[in-house]
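Beneath this line is the structure, given in structure tokens, with notes to follow.
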Amino acid sequence: MQTAFTRLFDTPKPVVGMVHLGAMPGTPLHDPDADLLADARRDLHALQEAGFDAIMFGNENDRPYEFEVDMASTATMAAIIGALKPEITVPFGVNVLWDPMASVALGTATGAAFVREIFTGTYASDMGPWTPDAGKAMRYRDRLGRKDMAMLYNVSAEFAHSLDTRPLPDRARSAVFSSIPDAVLVSGQITGEAAELSDLEAVKKAVKDVPVLANTGVKHETVADVLTAGDGCIVGSSLKVDGDTWKAVDPERAKDFMARVRKARG
């Protein structure tokens, strides 16, 4: 059966490359001299030339993170993506950390094919109590006329501890039943840190009819195992110069990563 997720990709085990935008205006790390558009363009082209199946734009450097993001961040992200759209040759998604409603709004405004966020669960986090509302976010998407926009649910929040004591596979299975994600994502503790392969395998076993992807910390030396255990992955930090999240995408690292992906796909 074709789903919103499978309609996005021509290949099994898709790999999504991250364009980590620089800190947005109004955030503590914003550099007024930085050329956010030029930096995003450089990384976009490096990823596309390496052969990534999709791209995702995120505001990873808008630290400290917030649950209700200032509209300046969302507006600036929209302006950057809008300027780059004629150059985007693969499906793209968006994520406004950690704001589901802003993510849906940005995806709608830019014509994104998918959004990623924490849509379900209850967490104690670095940002305080974390209680997302999947029903509200999905209804917002539908009211905006974007039922076609796939929603990727991260079920193991970074920078947080789940207050739901059920095992991760049970939480994922429950989220699939109650909140109808188009794909489930499994993460490590923070950006750039890998999820346990055993967690990815367990969630995949529990969630049979929805794709399960690794969301953080996938490395060149682990991508083959990750693609064996799951249905794809999202990768950012491993593609950067020196593997540093905050540096530019290294074109050679990106090409090497996708060469390993193609070998793993057989």
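Is any helix in the chain, taking whole DSSP H runs, at least 18 angstrom long along its axis by alpha carbon and on average at least -1.0 on the Kyte-Doolittle scale, and which ones?
Answer set is 36-50, 71-84.
Going by average Cβ neighbours within 10 Å, how do the peptides 207-213, 70-76 rank, with the highest at the top?
207-213, 70-76
Using packing as a proxy for protection, rank 131-139, 17-25 so that the peptide with the highest average count of other Cβ atoms within 10 Å comes first.
By packing density, highest mean first, the sequence is 17-25, 131-139.
What does the accessible area per residue of segment 115-266 come to in Å², with a 1.4 Å probe and no ligands, DNA or RNA counted?
On a per-residue basis, segment 115-266 sits at 46 Å².
Pairs K136/K208; K204/K247; K219/K255; K147/K247; K85/K204; K13/K205: which are spaced more than 23 Å apart, C-alpha to C-alpha?
Violating the 23 Å limit, Cα to Cα: K136/K208; K204/K247; K147/K247; K85/K204.
Ignoring any ligand, DNA or RNA, what whole percent of the accessible area of segment 128-266 comes from carbon and sulfur when the probe is 1.4 angstrom?
That share works out to 50 percent.
Kindly provide the helix-only [θ] at 222 nm of the chain, computed as the sum of -39,500 (n - 2.57) over DSSP H runs of four or more divided by all residues, to the nearest 500 deg cm²/dmol?
Taking each H run of at least 4 residues, the total per residue is -11000 deg cm²/dmol.
Once you put a point 7 Å from the Cα of L144 and another 7 Å from the Cα of R41, both along the Cβ direction, what distance in nm separates them?
It is 2.6 nm.
Do me a favour and compute the ellipsoid semi-axes for segment 83-237 from its Cα gyration tensor, root of five times each eigenvalue, largest one first, whole Å.
Taking √(5λ) for each eigenvalue gives 23, 19, 15 Å, largest first.
Between the alpha-carbon centers of segment 10-52 and segment 107-156, tell me the distance in whole angstrom.
That distance is 20 Å.
Could you sort 99-105, 190-196 so that the peptide with the highest average Cβ count within 10 Å comes first and the rest follow in order?
So the peptides 99-105, 190-196, ranked by packing, come out 99-105, 190-196.
Using only the Cα atoms of the chain, each taken as one equal point scatterer with no solvent, compute I(q) by the Debye sum, divide by I(0), and report log10 of the ratio at q = 0.11, 0.12, 0.17 Å⁻¹.
So the normalised log intensities work out to -0.54, -0.65, -1.47.
Count the DSSP beta bridges whose two residues both fall in the chain, then state the antiparallel fraction as a percent rounded to the nearest 5.
For the chain, the DSSP antiparallel bridge percentage is about 20.
The values are calculated or read from the model by the stated rules, or taken from the named source; none is laboratory data. Note that the coordinates shown come from a computational prediction; the quantities given were computed from them, not determined experimentally. Cβ sites come from the backbone with ideal geometry, for glycine too, and all protein chains shown count toward neighbours. These area figures cover heavy atoms from the full protein model, side chains too; ligands, DNA and RNA do not enter into them. Shrake-Rupley method; radii C 1.70, N 1.55, O 1.52, S 1.80 Å.
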